[in-house]
Each structure stands twice: as C-alpha cells, then as structure tokens.
Amino acid sequence: MTIFGLGPHGERASPPERVTLLPQDITAARAKKLRVAIVMHTLESDWARHVVQGIIGTLGECGAIVIDVVDCNFSSKAQIDALDRLRGDNPDAIISLPVNNTAVTNAHLAVSGAGIKLVLIDNAPTGMLPGKDYVSLVSADNFGLGEIAAELLSAGLPQGASAGMLAYDSDFFATNEREIAFSRWMEINRPDVAVKTARFSTIDSAGNEAVQLISDHSEILGLFVVWDTPCVKVISAVSKRNPDMPITTVDLGQEMTESLAKGVPVIGIAGQRPFQQGEAVAHTTITALLDRPCPDWIALPGLTVSRSNVVESYQAIWRKAVSRHILVQLKVLSNK
Amino acid sequence: MNTDKSAPKRQRRKGRQRNSEAATASLVAILNHVRLSEATTRHELERVSEYGRAIIADRLAILSELVLVSESETGVATGGRAPRLVQFTKDRARLVVVTLDQSAIGVGLADLQGKLIMEHHEAINIANQTLTADRVCTLINWLMTRQPKIPNLWGISISVPGPVLTDPNIPFLLETPNFLPNWDNSGFVEALMQRFKVPVWMHSNVETMTMGELNGGAGIGQQTMLFIKVGQRIGAGLVSNGKPYHGAAGAVGLIGQLPVTSDDTTGSLDAMAGASMIKAKGIKAAQSGESAYLAELLEREKNITAVEVCQAAQMGDSVSTEIVVQSGRLIGGVVATLANMLNPQLIVFAGSIAQTNDILLASIRETVYGASHPLVTRDLRILRSQMGNSAALLGAAGIAVSALFEPVFLKDWILLGTPTQHPDFVYGLETLNSITRQADDEAQAPPSS
C-alpha cells in the first residue's frame, strides 16, 4: 500500500490493518452494549452513503447500536446543533465528518471534552489534535487522489494546453490535498500545462464557476473537479458549450460511471474506497472504545479508474454489478 | 503582494497636538498589554500600565487608527454601564510559517496571536534545495490565495532541521544562516524576503517544536519540560521556568552527537539509534529473509523506510520490534542522564519515528525509569507528542509573534502601522535588491576583452 500524502499534522499514514478487530475484540465490544452516533456533511452523495453503510454494518457486527445518522447538508450550524444535541444523548462515541475548518471546531471539542470518543472522517479542523481532541482521522489518500486525477487528465491534454481546476472554497483537508496534489503533479510532469483555478462555495455554483473559468481562459482544454457531486453540475453546464472537453474527478458515483463508460466527457476517476473506509472508521471506533491506542491518521489508497477498468472498479467500490446498459456500452455484452 | 490596504491613512484630529514620538513607548506598552490579554478594558489598562485615563484614551485612538486594536465589543457589566472591550486585532495581518524536515515540508498561516489558521504538509526530499525552495514559494502563494480577505503578510518564520546559529540581538534575518550542509549559499532567506517583502526568521526544528509543544501541546502550563525529537537526527529542547532555554549560542540539545555503545560498536546516538539505523537494519532483515514481513514489503515497495519498520513493529513483526526496542534503549539511556540532571516534570517525544510507534516509547520509558533516581521519576510523565509537525509550525508562529512585538523592534514600526515599513527592514531589502541588480547586470555584461 503506497500512500503519497501526509496527515493534517504531517503524520505518516497507518494502514487500516492497524485497527483490525480479532474475534475476542468483537466479543468484548458486544459485551459493552455500545451506542454510537454518526454526523455526516451530507448523505446525498454516493460516497457518503457507502461510508455510512460500511460503518453501520461493521458496528452491527460488533453489537454497537447506531443511535442517529445526521445529514448536515454542508451547514456548519446544522453540524453544531447536531453535535450539541447528540452530546445530550451521551453516546459512547460520535463519528463525524467536520464540514469546515474553523466554525465547527468548538462543537467538536465539546464532544471530546464531554468524554465521548470522537472519530473524524476526512477532515481535522486546525488546532484539534489526535489522541487529545479526537481519536483518529480516517481518510482516503487525498493527495494521491489528486495525483491520479492529474495523470488521467494529462492523457487528454495536448501540448501547451491549460487545465482548469474547480476547487472547493471551504478550507477542508481532503479537497485542499487534492487541489495541491493536482497542481504539483502537473508542475512536475507536465510543465507545458498551466493550471487555472476557480473555486465554488456551493455544489450548485460549481457549474457557473466552470463556465466562467472557461470563458476567461479559452486555452483550457480539460477540467478537474475535486469531487463527483459538483462534477455533475460542471458537466451539465459545460456540455452546452463544449461537450467533448475531457474531465476527471474524484469518486466513482453513478453519473460518473455512466459518463466514463460512454467515454466523454469524463475520461478518468480517482476512486475512493468508501465502504472500506467506513469499515476502517468503525474498527477505529471500536478499538478506541476498548481503550486501545489508535494511529493518528489511517489512510486508504486511491484507485485509478479509466474506461478500461470501470466495471471491476465499480464492483469493488459499489459492491454490486454494473447495470446491463453500461456493459452494452462497453461492448462487454451485445445489445440484443 | 504586501499592499497593506487595511491600514487607513492617519488623520490629525482637532485639539491638543500629539507628540507621536514621545507617545511611542506608551503605545508599545499598551499594545502589548492588550495583545497579551493583561488588560481587556480601559480601566484595566490604566491599572496595569499605570498611565492616566487621558493617555490611555489618546493611545487607544492611535492604535485603533492603525487597526491594531478594536473597541467594538462590550464586556460584562459589573454594575453600571458595560465596559467596552479593548481587543488586539489578531487578523490585521497573517504570518506564514514553514517547517523543513529531512523528508517533508509543512507550511501554514497563523494570525498575529500565533494561532494556526491552516496548514499543509507533504513529502519531499529537502536534499534538493532548489526544488524545495520553489515548492515552499508555491505553497506560500497557495496559502495567500486562500485568505483573500486578509492579504497582508507580516513575516515568514521557518523551522529547519539542525541548529541555526544567529546573533540573538538582530530582529530578523538579512541572509541565510548555515543550517544544513547542502543549503549553504542557497539564498533561501534572501529569496523569500525579496519575493514576499517581509521579514524572515529561522530557528531549529527542536527549538520551534519545543515552543509549539509548550504553547499548544502537552507542555501547556509546564515549568520544566524536556522535548526530544527522534528522526534521522535526535535532538532535545529544554523548557526551564516555563520558558524555552536557548543556550549560549542557540545550539542547545545536540544530544545526537553523544557517543553510545551497542553490541560492541560505538557511535553517535544519531547513527546508532536514529531513523537511518532503523532503516538500514530493516532493509538488512528484509534482504536476509530474517523478517518475512519486511521481505514482502521490500519486494512490493522496492524500498523500506524507518517509518515502515516502526509500523511493522506495531503490526507485530518480531524482528522489527527488536530493532525498534534496541533504538529505544539507546535513546532512553541518554534521556535518563538528562532527566537525572534536569529533573523535568514532563518529557515529550516527537518526530516521525516516535509518532508512528508506541513500542519505541515503551522501550524508552522502561530505560528511563530503570536508570533514574526515584525522586526524578516520582512525578515524571513521558509522553508522545500529539502535535506532529504542527508543533514546528505553531512554535515558528510563536517565535515570529515574539519578534514582531518585541518592544525595541515594535517601537520603530508601530507608528508606521506595519513591520514591513520598519526602517531597518526597508533598508535591508533595498540593499538586497541593489546587490541582486548588480549581480544581474554583471551576469549580462559582455565579457571584457
């Protein structure tokens, strides 16, 4: 397993195997009758739903009851309210994906301050420390994902072209890493390519930002969007103007799978492993609740997904077979 | 880049003329009382500064015009009208903090109270100084684009591996000090000064991390603390009476140079117990097949680092465990000597090796407790740092804040509203630019016949 990035405090990544649970651990966890709450930034994305599935299923195997799954809809206020409310329910642990870097810090600190184990997904607000303010951060190798996306887009960029990057305006560890890694990969491996960046503050504004970016820089011949949900908006907005502009993004959502199978405009995906990440989050939570030390940062490597391996990647990520029309599109099946 | 648009031009008010030069000492004192939260209302300022009400009012008006303090919020009333709170404008500008480690760099932004706002770390081999310096500049530019509402940059504070020998009396650097052999004559500090037009400071990782741990980690409130960084080099920082100890020349804690003996071999602690030794022993165990785990890792990854040996130990590989335990014993022996001499309340271990591994810490603890006087270990706590390289960034921010608001330095820029207008800095930057222009002209001149 190669992890290219470093953690939010410069930590070296630990593999998920560091929190593997043995049968006696599961027996001990079951005896404790644990209660856990989950607070997600959103439940609207395929990635988020798979992470939650992985968490809930694994906690179930350990006899831990999930008392709530909260969708914060990217709202700091909703997350602060949820954490304050859940603190009153006194669960053994709260698993949270902080929606930003500063506004929700105190609400998270209050959770760990109340003696509730706090396990973070994908983002650790600046100033919060592992082992003290939270148990562990469990994320994908987001730096590696940015590099994968850059390499995939590079194949579709002619010499001297510019690449457009649609980055997230919020200060968020995972998307910052992808953004920095994408630019760095281009700087080192494609010095002929200039990267032009625009930022979207909401998913709905990503499409307009992309159109504006392309209007401002007509030399842009390819786009990278930092995750798939805003990428759907970007594809919709850009396709009216340039339906064949190559695009790469992170996460193999349903729309991305369809587009990748078609061959345009998405030419590659840096895939996360959300189900496995959810399992790792649950294992970390149980390990902490058994009072055993956990690594500061647990990271899962990314998957390089192109049209040639989209079917098996889809199966690995979604844990189900792709639909028949995609197999037909990829000429795995004939259209009879 | 440093436009400093938020400082309005000062307008002379009606009434008594203000002797600004004479006011400087009181301005500096009042700003530092507010900045250090020693006083939060005008009434408290009168008490702690011993200046009269009229002077406090006058100086606060100047500081408000300079956007260094704000009185926009009200406090809690204790009978009568609620007092206006006097607050330091910590978001008046930003500080960039940088840490260079042997195999990684980190960059961050801090406010003027030294609190980290954002940070980023990535792997890089800093032996390539041109690539590293370019990367640092790129990342600083990226950080500033993420803070469009606060475009003012007031300084860059750098943390580097190895001791930095500088004159403690100079307020900021004008040239790159020697800190690593292959960075001699790199012009790193000069390049940052010219590019970002701000003062630059540089201190050793051990010094910044000790300060960071003291300000934001396990060392908060500690009077006596030893900080040990374990990586390729092993260094120590000391906190005495609640303050970092600098030594005569700033070269405190070079314990990696101490000789230790293991298996009839004597060498420095760096060479015998540092990351290079752990890596070398790990590769040997992999190549010989002594450790099946490491052998498989080497086959897959083509390389093994000390971090991977430590992770293998954590995963239960017995050969890796023995390598790490042996390293811990050697480090623990040296640290026990320091503990017996200094009687610290707390010893904090940091660095990539210490932070990926609880076995190393356990081995060190066992050795220190076994080799120390009972009075020394009675209340001694030995911990692993939770801060990672953030400690270096936080410590670097603290050092920059101390330097900016040091009274002798502050008095020469406070009325100018920004340290980037400090006469010594302006002169230093002009001199540097002049030298660069001259060098460029000479390089472009045709060779004389």
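Scaling against 2.2 N^0.38 Å puts the C-alpha radius of gyration of segment A:40-105 at 1.12.
For A:Glu11, the solvent-accessible surface computed with a 1.4 Å probe is close to 20 Å², ligands and nucleic acids excluded.
Reported to the nearest whole Å, the Cα centre-to-centre distance from segment A:306-336 to segment B:102-175 is 47. Contact-buried residues of segment A:108-129, at a threshold of 20 Å² lost accessible area versus the chain by itself: A:Thr126, A:Leu129 (1.4 Å probe; DNA, RNA and ligands ignored). If each Cα of segment A:1-79 is one equal point scatterer, what is log10 of I(q)/I(0) from the Debye formula at q = 0.18, 0.21 Å⁻¹? After summing over all Cα pairs, the log10 values are -0.99, -1.08.
Protein heavy-atom accessible surface, 1.4 Å probe, per residue over segment B:266-326: 45 Å². Along the axis of the charge dipole computed for chain A (Cβ charges of +1 for Lys and Arg, -1 for Asp and Glu, origin at the Cα centre), the listed residues A:Gly160, A:Ile267, A:Ala13 are led at the positive end by A:Ile267. Loop-resident chymotrypsin sites (Phe, Trp or Tyr not before Pro) (DSSP state other than H, G, I, E or B) in segment B:96-183 with no more than 10 further Cβ atoms inside 10 Å of their Cβ are absent.
Taking amide H as placed 1.01 Å from N in the peptide plane, the amide H of A:Gly222 sits under 5 Å from that of A:Gly164, each at least 5 places away or on another chain. Per-residue shielding of B:119-128, expressed as the average number of other chain Cβ atoms within 10 Å of the residue Cβ, stands at 4. Using a probe of 1.4 Å on the protein chains alone, the accessible area found for A:Asp71 is around 60 Å². Structural size metrics of chain B, computed from C-alpha coordinates, are Rg and Dmax of 25.3, 87 Å. Taking the chain by itself as reference, segment A:5-21 contains these residues with an accessible-area loss of 40 Å² or more in the full protein complex (1.4 Å probe, heavy atoms): A:Leu6, A:His9, A:Arg12, A:Arg18. Between A:Asp204 and A:Asn90, what FRET efficiency follows from the Cβ-Cβ distance if R0 is 45 Å, with the result rounded to 0.05? So, using R0 = 45 Å, E works out to roughly 0.75. Taking the three principal axes of the alpha carbon atoms in the protein assembly as shown, the coordinate ranges are 94, 86, 71 Å, sorted in descending order.
Roughly what % antiparallel, to the nearest 5, for the DSSP beta bridges in the protein assembly as shown? Spell out each step's value before the answer.
Working: 33 of 94 bridges.
Counting only bridges with both partners in the protein assembly as shown, antiparallel ones make up about 35 percent.
Ranking B:Ser402, B:Gln386, B:Pro423 by Cα position along the charge dipole of segment B:292-449, where only Lys, Arg, Asp and Glu carry charges on their C-beta atoms, puts B:Gln386 farthest toward the positive end. Using heavy atoms of the protein chains and a probe of 1.4 Å, the accessible area assigned to B:Val28 is about 10 Å².
Tell me which trypsin sites (Lys or Arg not before Pro) from segment B:45-146 have a DSSP coil assignment and no more than 10 other beta carbons within 10 Å of their own.
Numbers: sites: B:Arg47, B:Arg53, B:Arg59, B:Arg81, B:Arg84, B:Lys90, B:Arg92, B:Arg94, B:Lys115, B:Arg135, B:Arg146; in loops: B:Arg81, B:Lys90, B:Arg92, B:Lys115, B:Arg146.
Sites meeting the loop and neighbour criteria: B:Arg81.
With Rh defined as the Kirkwood radius, the inverse of the mean 1/r over Cα pairs, the Rg/Rh of segment B:214-304 is 1.15. Averaged per residue, segment A:177-244 has 43 square angstrom of accessible surface, using a 1.4 angstrom probe with ligands and nucleic acids left out.
Accessible surface of chain A, 1.4 Å probe: 50 percent of it comes from carbon and sulfur atoms. If you average the C-alpha positions of segment B:279-295 and of segment A:17-66 separately, how far apart do those two centres end up, in angstrom? Between the Cα centres of segment B:279-295 and segment A:17-66 lies a distance of 36 Å.
Please list, by residue number, every one of the trypsin sites (Lys or Arg not before Pro) in segment B:282-366 that is coil in DSSP and has at most 12 other beta-carbon atoms within 10 Å.
Details: sites: B:Lys284, B:Arg300, B:Lys302, B:Arg329, B:Arg365; in loops: B:Lys302.
Here the sparse-neighbourhood loop sites are B:Lys302.
A straight Cα-to-Cα reach below 12 Å connects B:Lys149 with the aspartates and glutamates B:Asp4, B:Asp91, residues fewer than 8 places away in its own chain not being considered. The mean count of C-beta atoms from other chains within 10 Å of the C-beta of residues in A:176-184, rounded to a whole number, is 3. For chain B, the share of accessible area belonging to carbon and sulfur comes to 52 percent (1.4 Å probe, ligands and nucleic acids excluded). Name the residue, out of A:Leu22, A:Leu252, A:Leu152, whose mean-square fluctuation peaks in a Gaussian network model built on chain A with Cα pairs under 10 Å. Per the Cα network of chain A with a 10 Å cutoff, A:Leu22 tops the list.
Subtracting the Cα-Cα distance from 0.36 nm times the residue separation, let me have the gained length for A:Ala321 to A:Ala155 in nm, one decimal. The partial results should precede the final answer.
Working: separation 166, 0.36 × 166 = 59.76 nm, distance 2.79 nm.
That works out to 57.0 nm of additional length.
Taking every protein chain into account, the accessible area of segment B:194-248 amounts to 36 square angstrom per residue (probe 1.4 Å).
Straight Cα distances below 19 angstrom link A:Lys262 to the aspartates and glutamates A:Asp228, A:Asp244, A:Asp251, A:Glu312, with same-chain residues fewer than 8 positions distant left out. Since only A:Val225, A:Val250, A:Asn100 are under comparison, the one whose Cα sits farthest along the positive direction of the charge dipole of chain A, derived from C-beta charges on Lys, Arg, Asp and Glu, is A:Val250.
Could you tell me whether segment B:53-190 comes out rounded, prolate or oblate from its Cα gyration tensor? Rule is a ≥ b ≥ c as square roots of the eigenvalues, rounded for a/c under 1.5, then prolate if a/b exceeds b/c, otherwise oblate. Note, shape of segment B:53-190 comes out prolate. Buried area at the A:B interface is about 2700 square angstrom, summed over both chains, from accessible surfaces computed with a 1.4 angstrom probe.
Springs join every pair of Cα atoms under 10 Å in this Gaussian network model of chain B, and among B:Met144, B:Met202, B:Met225 the largest mean-square fluctuation is at B:Met144. What is the distance in Å between the Cα centres of segment A:111-135 and segment A:171-191? When both Cα centres are located, 26 Å separates them.
Largest GNM mean-square fluctuation across B:Asp184, B:Asp264, B:Asp134, computed for chain B with C-alpha springs under 10 Å, falls on B:Asp264.
The values are calculated or read from the model by the stated rules, or taken from the named source; none is laboratory data. Only a predicted model underlies this, so the values are computations on that prediction, with no experimental measurement involved. Neighbour counts run over all protein chains shown; Cβ positions are idealised from the backbone, glycine included. Just the protein is used for accessible areas: all its heavy atoms, side chains included, with ligands, DNA and RNA removed. Shrake-Rupley method; radii C 1.70, N 1.55, O 1.52, S 1.80 Å.
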